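Reviewing the structure listed below.
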Amino acid sequence: DLTRILAGPYATMILGDLGADIIKVEMPVKGDDARHFGPYINNESAYFMSLNRNKRSMTLNLKTEKGKDLFLEIVKKVDIVIENFRPGTMEKLGLGYEVLSEINPKLIYAASSGYGHTGPYSKRPAYDAVVQAMGGLMSITGEKDGEPVRIGTSIGDITAGLFAVIGILAALNSRNITGKGQKVDIAMLDCQVAILENAI
């Protein structure tokens, strides 16, 4: 679990609740950004703890050769790698899906990002409110004839997490039949459009 903040950790939280053994990999010193979000209980972020239950954490610097080597050793033994970096980040590190699937052909590689790994917006950063707006959800929320309104929860991140779990479980089911892993590419914007149902 290379994820941070909300969309990815929400997905791995659900997988952990379902019994998966989650190894959360955090950057040294700082850790997951969510560790610095309040409210705090006993100097620990309640926000972080609510999303990262049922996980074991470790720090690993993927920008060093030693860190990469250790990560690759772990990849040989796991079923799933999940990340929510901006597209291209893992490839720059030399740790993209193509590399990891060579090491572990049964690997399910799940990536969650704002606009997916392909397309004209793929390199843009995205946040919950941005995808709520771009997906059209904010236009159907609020008072009649009023301004668009952001939904009270981070539904952009949460739906991306849910769709990531669905994709991962489908990929695992496929692997049970074919013996091969695959890449699951989740775009937060796609998820927002998908939940508009008949409003679209």
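Give region 19-71 a look and list any residue that's within 19 Å of THR89 (Cα to Cα), among the hydrophobic types (A, V, I, L, M, F, W, C) and open to solvent by 40 Å² or more (accessible area, probe 1.4 Å), or say none. Within region 19-71, MET27, LEU70 meet the criteria.
Taking the listed residues ASN198, ASN173, the one that is part of a helix (DSSP H, G or I) and either at positive phi or modelled with pLDDT under 95 (or both) is ASN198, with no other qualifying. Just one residue in the set PRO125, PRO120 is open to solvent by 10 Å² or more (accessible area, probe 1.4 Å), closer than 23 Å to THR153 by Cβ and either modelled with pLDDT of 95 or more or part of a loop (DSSP other than H, G, I, E, B) (or both); that residue is PRO125.
Remark: pairs (first residue in region 41-69, within 27 Å of LEU100 (Cα to Cα); second residue of a type in the set (Gly, Ala, Ser); Cβ separation under 6 Å; 6+ apart in sequence or on different chains) = ASN54/GLY16; LYS55/GLY16; LEU60/GLY67; ASN61/GLY67.
The values are calculated or read from the model by the stated rules, or taken from the named source; none is laboratory data. Given the structure is predicted, the values throughout are model-derived calculations rather than measurements. With ideal geometry, Cβ positions are generated from the backbone for all residues, glycine too; neighbour counts draw on all protein chains shown. These accessible areas exclude ligands, DNA and RNA; they are computed on the full protein's heavy atoms, side chains included. Shrake-Rupley method; radii C 1.70, N 1.55, O 1.52, S 1.80 Å.
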